[in-house]
Structure formats: C-alpha cells, structure tokens
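Notes follow once the structure below has been shown.
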Amino acid sequence: MLFKENFKRELDKNPTFIKIRGELSGANWLEANITNLSGSSITLGTPVNQLDIRLQVLNSGAVTFSEGNFRIDNGHNSPLHLHCSGAINPVEVLTLSGALLMVLGSDYWGLENE
C-alpha cells in the first residue's frame, strides 16, 4: 500500500507512536518510525524537537527490502540530520511536515490537503 495512505490512516488514530512501511513509487519504499516524546498525539505540525524520528528510504526486491540511499533521523540525542552517501548533514525543518516534505516531495501535499 502507498506510504501516504498508510500514514494518513495512522494519523487519524491520534497516535503517540507511528511505525509504518509503504510504497512511494515502484521499488521505492519508505519506513517511518516516529515517537512523540511528550506523549501527545503526533500531527503534521508537531515540532521535530518533540519527536524521535527515523525516515528510512528502502528499495524493494523480490522478497526483501534493502536500505535506500538516504535517511533522516534525530537519533543519538542529536538534532535532525540527513544521512546520505556516507555524509551526515543537518536538516533545518521545524515540524514533522517539513521532514516528510523532504522525503515525499510533491506527494507530500496530498497528506496536508486531504
């Protein structure tokens, strides 16, 4: 199922934790692990400094998934950053919507508009 559809369904449940995997397009998939550290419901407007975020792009194969070419996370008690081609770069976004926009591109607007 498409990531966007899975994510919208999870947000409607007013969760404090989201763990989903869904198709972006073709062999490109995304796995999201998001926890609201304050215990409140996760929304698109939740500040990233209140979240534990891991957005990992995946490549689907015949029977398995392999890690794609980048991920966004704020693990290790660090600010949000992008892992890409062995480099770690800071990410300057304020909310969950900004992090998702980086990964989903124009497909993100379907989340916000619906």
Looking at Gly110, Gly86, Gly68 in this structure, which one is touching a helix residue (DSSP H, G or I) at 6+ places or on another chain (Cβ under 6 Å) and modelled with pLDDT under 90?
Gly110
Keeping to the stretch 26-50, report how many residues are at positive phi and hydroxyl-bearing (Ser, Thr, Tyr).
0
Residues satisfying the stated conditions in the stretch 92-107, i.e. touching a residue at least 24 places away in the same chain (Cβ under 8 Å) and not charged (D, E, K, R)
Val93, Leu94, Thr95, Leu96, Ser97, Gly98, Ala99, Leu100, Met102, Val103, Leu104
Is there any pair linking a residue in the stretch 1-28 that is closer than 19 Å to Arg54 by Cβ to one that is at pLDDT below 90 and of a type in the set (Ser, Thr, Tyr), with Cβ under 9 Å and at least six apart or on different chains, and which?
Lys4/Tyr108; Glu23/Ser60; Asn28/Ser60
What pairs come out if I take residues in the stretch 62-81 that are in contact (Cβ under 8 Å) with a residue 40 or more places away in the chain and pair them with residues that are surrounded by 12 or more Cβ atoms within 10 Å (Cβ to Cβ) and part of a strand (DSSP E or B) whose C-beta lies under 6 Å away, six or more apart or interchain?
Phe65/Leu58; Gly68/Val57; Gly68/Leu58; Gly68/Asn59
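The values are calculated or read from the model by the stated rules, or taken from the named source; none is laboratory data. Everything quoted here is computed from the prediction, not taken from an experiment. Cβ coordinates were reconstructed from backbone atoms using ideal geometry, including for glycine residues, and neighbour counts include every protein chain displayed.
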